[in-house]
Amino acid sequence: MTRPLIAIAAVSLVTLLSACSTMGPMSMATPDAPAAVTVPAGNKVAMMAVGAGDLNYECRAKADMPGAFAWVFTGPDALLLDKNKATVGKYYGGPTWESKDGSKVSGKQLAVSPGVAGAIPLQLVQASPAMGSGAMTGVTYIQRLNTTGGVAPADVCNQAAAGSKKLVKYQADYYFYKAI
């Protein structure tokens, strides 16, 4: 009697594991990207996370145009999530991507490419050497793809609104590359 139950349990476990291995959009394959934000040869995707949170904007006077104002990006405040939507890190001003293991990497934007209408652009960042030891150690490039939301507010930005701050929801896929 127990053998049929064990066989059923084993088949169920194999089916469940197969389903989990294909769950979600996260893949270690190199994603398709516009040429401007394509990572140079000699680098391979090491990990991927979804960034979800807020982009911060402030209404400020334009330095080169007296009397003119604009919403200025002041930094991100987002969580990094794995394919099961579990938090694996955070993304904040710098820009800095920090893993739950304490390792973190910052970087310099190299290029952007337009995203879909109403979304922030796609981006390629060259990483600085990581701080700490862990998941971010050895990261060479970070690629932001599949963006939604995050564009500057449509709210009025003028002298009366100067200093106002707005949070705008966004989401993006972040691919972290390491040299091969």
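The figures follow:
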quantity	calculated
Least to most buried among Lys100, Lys85, Lys166 (fewest other Cβ within 10 Å first)	Lys85, Lys100, Lys166
Rounded to 10°, Cα long-axis angle of helix 2-21 versus longest principal axis of the chain	20
Partner lysines for Lys85 [C-alpha distance under 24 Å; skip if fewer than 8 residues away on the same chain]	Lys44, Lys100, Lys104, Lys169, Lys178
Choice from Pro129, Pro34, Pro66 with maximal GNM fluctuation in the chain (Cα, 10 Å cutoff)	Pro66
Virtual spin-label span in nm between Asp32 and Arg60, 7 Å along Cα→Cβ	3.8
13 Å beta-carbon shell around Lys104, net charge (K/R +1, D/E -1)	0
Rg/Rh for the chain, where both radii come from Cα atoms and Rh is the Kirkwood radius	1.12
Given charges at beta-carbon only (K, R positive; D, E negative), |dipole| of region 26-179 in Debye	160
Gaussian network model of the chain, Cα within-10 Å springs - most flexible of Gly163, Gly107, Gly150	Gly163
Which of Met131, Met47 has the fewest Cβ neighbours within 10 Å, and the rest in rising order	Met131, Met47
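All of the numbers you see were taken from the coordinates with simple rules; none came from a lab. Because the structure is predicted, anything quoted here is derived from the model rather than measured. Don't worry about glycine lacking a Cβ; one is built from the backbone with ideal geometry, like all the others, and counts go over all protein chains shown.
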